[in-house]
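The values are calculated or read from the model by the stated rules, or taken from the named source; none is laboratory data. This is a predicted model, so every value here is computed, not measured. Virtual Cβ from ideal backbone geometry, glycine too; neighbours counted across all protein chains shown.
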């Protein structure tokens, strides 16, 4: 069965600190996609990244970076030098090609960046 | 990037009435649309998958007679909450994808519709 676990329900850090959001997934498929989305208070989902199961290369985009490790079924997200605008709920998600590309979301991590 | 719109963005209705939410793909043809529900401070839960021209497939535990989904065209899917009750109050989000390409079928999310049933 497919499952996404975000063990951190809520995190608070002071502005400019680095913060890592954890994501562990379960799947039986060899071909799948992993995602991170940001949901600010407005509610609209903001797509951050998609990774396919064959690409374990880590990625950096500005202050954001992602660490994908198949050996531990983890896809962690790090924000460097956090800013107040980073405050939001962050969802990790999984999509299996053999399941009509349905996206299954983790429970989310609520991130508070304190000024 | 592809744009998905939802209408209305918010709606308040009385208990027992029906509410229709529209999901439109504005600049691409969506062969498949997905409907999600998100209760306050919870995650998005997939309700159903609809393919254009065919009946929707509902996830376990979702009442198909209560949440009517119609995907009559390649750019429009509607979700009708019939005989709405306060427990149906939630944030409803749709996503759409063009499944005709061989490449990975990116899903694009709408901005969501906040339903409050009094």
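In region A:51-67, the residue that is farthest from residue A:80 (Cα to Cα) out of those that are surrounded by fewer than 16 Cβ atoms within 10 Å (Cβ to Cβ) and within 14 Å of another protein chain (Cβ to nearest Cβ) is A:54.
With respect to the conditions (1) loosely packed, with under 14 Cβ neighbours inside 10 Å; (2) within 14 Å of chain B (Cβ to nearest Cβ), residue A:48 lacks only one, and its number is (1). Highlighted here are the strands (runs of 3 or more DSSP E) found entirely within region A:1-85 that include at least 2 residues which are under 20 Å from residue A:101 (Cα atoms) and at pLDDT below 95: A:32-39, A:46-52.
Among the residues of region B:46-60, those that are touching a strand residue (DSSP E or B) at 6+ places or on another chain (Cβ under 9 Å) and more than 13 Å from residue B:95 (Cβ to Cβ) comprise B:51, B:52, B:53, B:54, B:55, B:56, B:57, B:58, B:59. Checked against (1) within 13 Å of chain A (Cβ to nearest Cβ); (2) assigned to a strand (DSSP E or B); (3) at pLDDT below 95, residue B:41 passes all but condition (2).
The numbered conditions (1) more than 12 Å from chain B (Cβ to nearest Cβ); (2) at pLDDT 95 or above; (3) under 15 Å from the mean Cα position of the chain (by Cα) are all true for residue A:107 except (1).
Let's see how each residue does on (1) modelled with pLDDT under 95; (2) over 14 Å from residue B:109 (Cα atoms):
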| residue | (1), (2) |
| --- | --- |
| B:2 | yes, no |
| B:5 | no, no |
| B:13 | no, yes |
| B:18 | no, yes |
| B:21 | no, yes |
| B:25 | yes, no |
| B:37 | no, no |
| B:49 | yes, no |
| B:55 | yes, yes |
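Restricting B:15, B:73, B:9 to residues that are surrounded by fewer than 22 Cβ atoms within 10 Å (Cβ to Cβ) and within 11 Å of another protein chain (Cβ to nearest Cβ) narrows the list to B:9.
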